[in-house]
């Protein structure tokens, strides 16, 4: 690979591929980056491609399937990602010079020394005909880090005007500058739990937070959720689907309680934890991710800390993570640091990601 093509100011058109823990689909963004006094970006095209049929079942069941089926999923998702990227490039007439692919996190247990993102990057490269950078987390885990969060380098270089950046995805995480270092960590489960509870009444998600708004937050449940050990641990720290399935989900399965009450209780817990995570004297918090569309959650956040929550344009709300993984891939191709030790807890900041050539 000719890394000289990534030197200089650009512009560089890079594709970002992201499959979040909520499992709703593949986020695909085509982004143009330029390097002047600071980095700038323009989203040229972005879309979410829903998972269907067998692939959807793979996504939903990947955490519990046998090893052979998991490897099958790894390759099938990579094939799907490559096909969708090629389709999008053909449709838009935009051909990126590089792809930054996050894949879909199946297992994330850095305390046991491993993390696994499905979606074989080699297949993405071979099918699309474009070099791919993937597997951004493993190296950090091998250096004693959490392998997460990875987005803070993008917050630092692409969104410096905000005091903090809050992502409301399957898991809520925050990033902010404190002194001369960047701080970041996973705060709590977010859409993963809300979508799970919404499914009990036949909904994929709680649109606008209407179901939660119709319920009542139950102090005992809110307290039980907030008493879980994770919330008393210091950062850096990170969460995975396994933690939700084994630790939090049992608290939400009390069928004696109505779904609206359970949702309202969870949103109260989520808003409490996010508010505690926001640093003092914070005046502008960028809010992105699917949970930004939950009006009830945003209302609860504003009730706790009024006036600081900044909601950007729709394409940034929905595709910020795909945008940042495109950026991580570009930094990797430029041999520039794309993972910060101060946010992951690894022994050193480093250049992460494996390169795959078509």
Testing residue 235 on (1) more than 28 Å from residue 59 (Cβ to Cβ); (2) out of contact with any strand residue (DSSP E or B) (no Cβ under 7 Å at 6 or more places or on another chain); (3) not in a helix (DSSP H, G or I), one condition comes back false. Which one is that? (2)
Could you tell me how many of the residues in the range 280-296 are under 21 Å from the mean Cα position of the chain (by Cα) and either under 18 Å from residue 21 (Cα atoms) or outside any helix (DSSP H, G or I) (or both)? 11
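Okay, residues lined up against (1) at pLDDT below 95; (2) more than 16 Å from the chain's Cα centre (by Cα); (3) in a loop (DSSP other than H, G, I, E, B):
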position	(1), (2), (3)
105	yes, no, no
125	no, yes, no
133	no, yes, no
139	no, yes, no
154	no, no, no
157	no, yes, no
172	no, no, no
195	no, no, no
Condition set out of contact with any strand residue (DSSP E or B) (no Cβ under 9 Å at 6 or more places or on another chain) and closer than 18 Å to residue 13 by Cβ, scope the range 88-121, selection surrounded by the fewest Cβ atoms within 10 Å (Cβ to Cβ): answer is 93
Residue in the range 297-316 that is nearest to residue 267 (Cα to Cα), counting only those that are out of contact with any strand residue (DSSP E or B) (no Cβ under 8 Å at 6 or more places or on another chain) and in a loop (DSSP other than H, G, I, E, B): 305
Only residues that are in a loop (DSSP other than H, G, I, E, B), within 13 Å of residue 119 (Cβ to Cβ) and modelled with pLDDT of 90 or more: list them for the range 15-61, please. 51
Matching residues in the range 237-253 (in contact with a helix residue (DSSP H, G or I) (Cβ under 8 Å, 6 or more places away or on another chain), at pLDDT below 95 and surrounded by 20 or more Cβ atoms within 10 Å (Cβ to Cβ)) number 3
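The rows are residues; the columns are (1) touching a residue at least 24 places away in the same chain (Cβ under 8 Å); (2) more than 24 Å from residue 40 (Cα to Cα); (3) out of contact with any helix residue (DSSP H, G or I) (no Cβ under 6 Å at 6 or more places or on another chain); (4) crowded, with 23+ Cβ neighbours inside 10 Å.
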position	(1), (2), (3), (4)
271	yes, yes, no, yes
277	yes, yes, yes, no
284	yes, no, yes, no
288	yes, no, no, yes
318	yes, no, yes, no
327	yes, no, no, yes
335	yes, no, yes, no
356	yes, yes, no, no
Which numbered condition residue 220 misses (of (1) within 23 Å of residue 23 (Cα to Cα); (2) in a helix (DSSP H, G or I)): (1)
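The values are calculated or read from the model by the stated rules, or taken from the named source; none is laboratory data. Keep in mind that what you see is a predicted model, and the values were worked out from it rather than measured. Reconstructed Cβ throughout: ideal geometry from the backbone, glycine too, with neighbour counts over all protein chains shown.
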